[in-house]
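J.: Encoded as structure tokens, here's the structure I'll be asking about.
Readers should treat all values here as calculations from the given coordinates under stated rules, not as data from a laboratory. The structure displayed is predicted, hence computed values, not measured ones. Here the Cβ positions follow ideal geometry from the backbone for every residue, glycine too, while neighbour counts run over all protein chains shown.
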Amino acid sequence: MIDILVTGGAGQVGLELQRLAWPEGVRLHAPDRATFDLTDPGSVAALFASRSFAAVINPAAYTAVDKAQGEVAAAFLVNAQGPALLAEASARAGIPLVQVSTDYVFDGTKADPYVETDPVGPLGVYGASKLAGELAVRSGNPRSVVLRTAWVVSARRANFLKTMLRLAAERPALRVVDDQRGCPTSAADIARALETITLRLIEDRDAPTGLYHFVNAGEASWCGLARAVLARSAARGGPHVPVEAIATADYPTPARRPANSRLATAKIRRDFAITPRPWQDAIHDIVDELVPATPLPGA
């Protein structure tokens, strides 16, 4: 039996990891917060002493971007100390660690999609804490992969896609930022990429390690994503309203967002043969799960 530890099992990616059809003989362990605290050295040590894991996947994170501006210690505790403790424990056990990170490690000023070797420059506490987690993992466990992703959506937990559907059912119109661009990405697709990477690391001690980007193919603005979500909802008889494009300046937030969150995926295609599908296909799958098709009158 191959045992894999998954942190953040109640989050978007953690839930999707548990929904995957893993190969026979692979068993996921996703302890809840009541039984495992990844920020506590004693809790981490006790969990690793209780079972021999073959690998660790860490999608757990403090993701309240705006709230983090006033909760610096809390953000760094989860996003930096947690990964540091997992890196130390997994390295001691001689097993690989796969860490999920974010586009927020970049400042968003680059004209093109970001590649793994681009300089980092987070704009706020959330991005800085995630970058600290990246450094802890890469320096603490040589058999580690840091997977950066962006604009994560799914049919579970709170996220932008579900918010658009909810607001479309409550309001006559929506106003959404149109001058930030990124790559909408399905949590289910991230989970599949993590599965491929983790199994490769378990099977092959010479498997590639280091930094990788994974997002669904293509790009959009938040406004463009909202319009695509509601168009798909409308096609299924679900909520849909007009979406007005606004500027970031028209929707101020405590934390600054990168204007460019696009991530290039050539490296993960080359090293792990992972080819992201178009974000539109991924979005359609999620909306279809959330919005049951309404039969046409007389059908």
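J.: Which whole-percent values make up P(r) of segment 109-233 when all C-alpha to C-alpha distances are grouped in 5 Å steps starting at zero?
T.: Once binned at 5 Å, the Cα pair distances of segment 109-233 give 2, 9, 15, 19, 19, 15, 10, 7, 3, 1, 0, 0.
J.: Counting alpha carbon pairs within less than 8 Å and at least 6 residues apart, what relative contact order, in whole percent, applies to segment 56-105? Numbers along the way, then the final one.
T.: Numbers: 34 pairs, mean separation 27.5, N = 50.
The value is 55 percent.
J.: Report ³J(HN,Hα) in whole Hz for each residue of segment 256-267, in order, from the Karplus equation J = 6.51 cos²θ - 1.76 cosθ + 1.60 where θ = phi - 60°; Gly and Pro get x.
T.: Per residue, the Karplus-derived 3J(HN,Hα) values read 6, 9, x, 5, 10, 10, 6, 10, 7, 10, 4, 5 Hz.
J.: Moving to a separate point now. Over segment 1-151, what is the relative contact order in percent, taking alpha-carbon pairs closer than 8 angstrom and at least six residues apart? Kindly include the intermediate steps, with their values, before the conclusion.
T.: Details: 258 pairs, mean separation 36.7, N = 151.
The value is 24 percent.
J.: Dimensions of segment 177-221 along principal axes (Cα, Å, largest first)?
T.: 44, 20, 13
J.: Follow-up question, since we're still on this one. Give the lysines whose C-alpha is closer than 28 Å to that of Lys162, dropping any in the same chain fewer than 8 places away, or say none.
T.: Excluding near neighbours in sequence, the set is Lys67, Lys130.
J.: Another one. What residue among Pro252, Pro113, Ala235 has its Cα farthest toward the positive end of the dipole of the chain, where the charges are +1 on Lys, Arg and -1 on Asp, Glu, each on the Cβ?
T.: My answer, from the dipole projection, is Ala235.
J.: A further question on this structure: What is the Cα coordinate range of segment 225-273 on the first, second and third principal axes, sorted by size from largest, in whole angstrom?
T.: Principal extents (Cα only, largest first): 42, 34, 15 Å.
J.: When every alpha-carbon pair in the chain is counted, what percent end up more than 29 Å apart? Walk me through the intermediate numbers first.
T.: Working: 15363 of 44551 pairs.
Considering the chain, 34 percent of its Cα-Cα pairs are separated by more than 29 Å.
J.: Non-local amide H neighbours of Val26 (under 5 Å, H modeled in plane, Pro and chain starts lacking H): which ones?
T.: Ile2
J.: Pairs of alpha-carbon atoms within less than 8 angstrom and 6+ residues apart define the contacts here; what relative contact order does the chain have, in percent?
T.: Values: 599 pairs, mean separation 60.6, N = 299.
Worked out over the chain, it gives 20 percent.
J.: Once you charge only the Cβ atoms, +1 for Lys and Arg and -1 for Asp and Glu, what is the size of the charge dipole of the chain about its Cα centre, to the nearest 20 debye?
T.: Details: 31 positive and 31 negative charges, 39 e Å.
In debye, rounded to 20, the chain gives about 180.
J.: Now, a different point. Along segment 229-244, what does the Karplus equation 6.51 cos²θ - 1.76 cosθ + 1.60 (θ = phi - 60°) give for ³J(HN,Hα), rounded to whole Hz, x for Gly and Pro?
T.: Using θ = phi - 60°, the values come out as 4, 6, 5, 5, 4, 4, 5, 9, x, x, x, 7, 9, x, 10, 8 Hz.
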